[in-house]
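Undergrad: Mind looking over this structure? Questions follow.
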Amino acid sequence: MWKSVDKMRCFRKRSMLPFLGFLITLLFFNLYMDDGYVLEAEKRQLGESLMHPANSDRYVHTLRDLSNFSGTINVTYRYLAGIPLPRKKYLTIGLSSVKRKKGNYLLETIKSIFDQSSYEELKEIVVVVHLADFDLVWCENLVQEITRKFAHHIIAGRLLVIHTPEEYYPSLDGLKRNYNDPEDRVRFRSKQNVDYAFLLNFCTNLSHFYMMLEDDVRCSRNFLTALKKVITSRDGSYWVMLEFSKLGYIGKLYHSRDLPRLAHFLLMFYQEMPCDWLLIHFRGLLAQKDVIRFKPSLFQHMGYYSSYKGAENKLKDDDFEEDSIDIPDNPPASLYTNINVFENYDATKAYSSIVDEYFWGKPPCTGDFFVIIFNKSTKISRIKIVTGTEDRQNDILHHGAVEVGQKSVETKQGRQCSSYITLGEFKGGSIEVTNVDHKIGFDIECVRIVVTANQKEWLIIRTISLWTTQPVSQFKK
């Protein structure tokens, strides 16, 4: 018996060698094109060979072990356009799309992703589109449109289009009708879970981070730069999923290392509930108890008709902003205050851009302070601090000032700056100072809020937003 098994193994190895050699050649072609090592004419010629029609017989196999949830799922994908680069990017953006009865927004979504990214940002992303409909004629027609409109991005390795054959799907008949959903609704959402699972599985090793979008979304300008600011600000803290939209499965960010487990999870419970409900359970099981959502939202739902029966769906995210460049940098820092803190509304929450997080303290006195001490000195261009909330409009800082400091020293209370300069005073509970780097002749080590008069009201510091000096060329298109 073991001799037979060995023969089978040898046969599989021999049959894979020609295919692997061909695949490696294609991967190197794409690497050269992405790095600009071939002439434009050569790019065009090679690109034609990389844009595979939907009836192509070329398949690429994932050959990972399915024995544990950290491994990828053993499924064969069909490449319809493009091919992955051998080196990891910073971010993969995943889209799954099926045929709609009304409207089709996929091409607009892809266009928005690329148009709203700078040249430097485009180098760090790869977009993967999973055409998940079982109608292969529809897939073929759509992929032809995609390759015609986005040939340059396909050739550069920034856009891949894949399809998972129907044979790999679990049964979509006789499913449990949870929540009294009609049978066709249950089938739709169950298949959608599997569509996403196969997409996540494919994207596991393409980048360090993964962003899920729907196929009817508009992006804010330079959204990647905004994402990177947030990821940097969360350095050292634990998270499973960061949210950049409050709608559906839009703008959800993961570490790529978690994608295999998420893919397995969606497959295990594919018929139980919609994907956005399953995500809540997945996040909780990995010990992220609370939602971590950021404002402004970076992605906006733009479709008018749902992919389910063409029903109207005019949901909009009212936290969306077209220009995401205004998101603060908030360099890594330690925060201290001598104001009495209420419950768990601690100082760090004023420095976070997470929705509904803020500092809340008992009535402050003259001389009380709230200080931010940077991990390393930095150039600050703009400071904006807002106190109070819409439902507690009197819990503002009525009398206070903002100072910046240098020459930090170690004390019994921790590191403190020994020299401060006042930038301005609060008016109506807020303050904004621009061109700070032009007004101050030193790199800033501390930013301090000082209470200049007693007040009877409690104090909410809703947001502390700091912008660092960036090279002018960073955001050019």
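Undergrad: Answer yes or no as to whether E167 is open to solvent by 50 Å² or more (accessible area, probe 1.4 Å), modelled with pLDDT of 90 or more, on the phi < 0 side of the Ramachandran plot and more than 16 Å from the chain's Cα centre (by Cα).
TA: Here the answer is yes, as E167 does meet what is asked.
Undergrad: Considering only the stretch 147-157, I want to know if a residue exists there that is within 21 Å of the chain's Cα centre (by Cα) and surrounded by 15 or more Cβ atoms within 10 Å (Cβ to Cβ). Before the answer, list the steps.
TA: Residues of the stretch 147-157 that are within 21 Å of the chain's Cα centre (by Cα), as a first pass: 153, 157.
If we keep only those that are surrounded by 15 or more Cβ atoms within 10 Å (Cβ to Cβ) too, we end up with 153, 157.
Yes, the stretch 147-157 has at least one match.
Undergrad: Right, another one. Select from the stretch 99-113 the residues that are buried (at least 19 other Cβ atoms within 10 Å of the Cβ) and within 21 Å of I83 (Cα to Cα) and list them in ascending order.
TA: L106, T109, I110, I113 - these are the residues of the stretch 99-113 that are buried (at least 19 other Cβ atoms within 10 Å of the Cβ) and within 21 Å of I83 (Cα to Cα).
Undergrad: Looking at the structure I just gave you, is F202 in contact with a helix residue (DSSP H, G or I) (Cβ under 7 Å, 6 or more places away or on another chain) and assigned by the TED database to the domain that holds V161? Show your work before the answer.
TA: Values: in contact with a helix residue (DSSP H, G or I) (Cβ under 7 Å, 6 or more places away or on another chain): no; assigned by the TED database to the domain that holds V161: yes.
No: the conditions fail for F202.
Undergrad: Follow-up question, since we're still on this one. Would you check which residues across the stretch 328-362 are open to solvent by 60 Å² or more (accessible area, probe 1.4 Å) and among the basic types (K, R) and list them?
TA: K362
Undergrad: For residues that are open to solvent by less than 10 Å² (accessible area, probe 1.4 Å) and over 16 Å from the mean Cα position of the chain (by Cα), tally how many sit in the stretch 196-215.
TA: Residues meeting the conditions: 3.
Undergrad: Looking only at the stretch 438-472, count every residue that is within 15 Å of G367 (Cα to Cα), surrounded by 14 or more Cβ atoms within 10 Å (Cβ to Cβ) and out of contact with any Gly (no Cβ under 9 Å at 6 or more places or on another chain) and tell me the total.
TA: 1
Undergrad: What strands (runs of 3 or more DSSP E) completely inside the stretch 297-367 contain at least 3 residues that are over 23 Å from the mean Cα position of the chain (by Cα) and at pLDDT 85 or above?
TA: On the way: elements: 299-301, 333-337, 359-361.
Filter on the stretch 297-367 gives 333-337, 359-361.
Undergrad: What about I280, is it surrounded by fewer than 18 Cβ atoms within 10 Å (Cβ to Cβ) and of a type in the set (V, I, T)? Explain how you work it out, then say what you get.
TA: Values: surrounded by fewer than 18 Cβ atoms within 10 Å (Cβ to Cβ): yes; of a type in the set (V, I, T): yes.
Answer is yes for this residue.
The values are calculated or read from the model by the stated rules, or taken from the named source; none is laboratory data. Because the structure is a prediction, the values reported are computed rather than measured. Neighbour counts are summed over all protein chains in view; Cβ atoms, including those assigned to glycine, are modelled from backbone coordinates with ideal geometry. We work out accessible area using only protein heavy atoms, side chains counted, and drop any ligands, DNA or RNA first. Shrake-Rupley method; radii C 1.70, N 1.55, O 1.52, S 1.80 Å.
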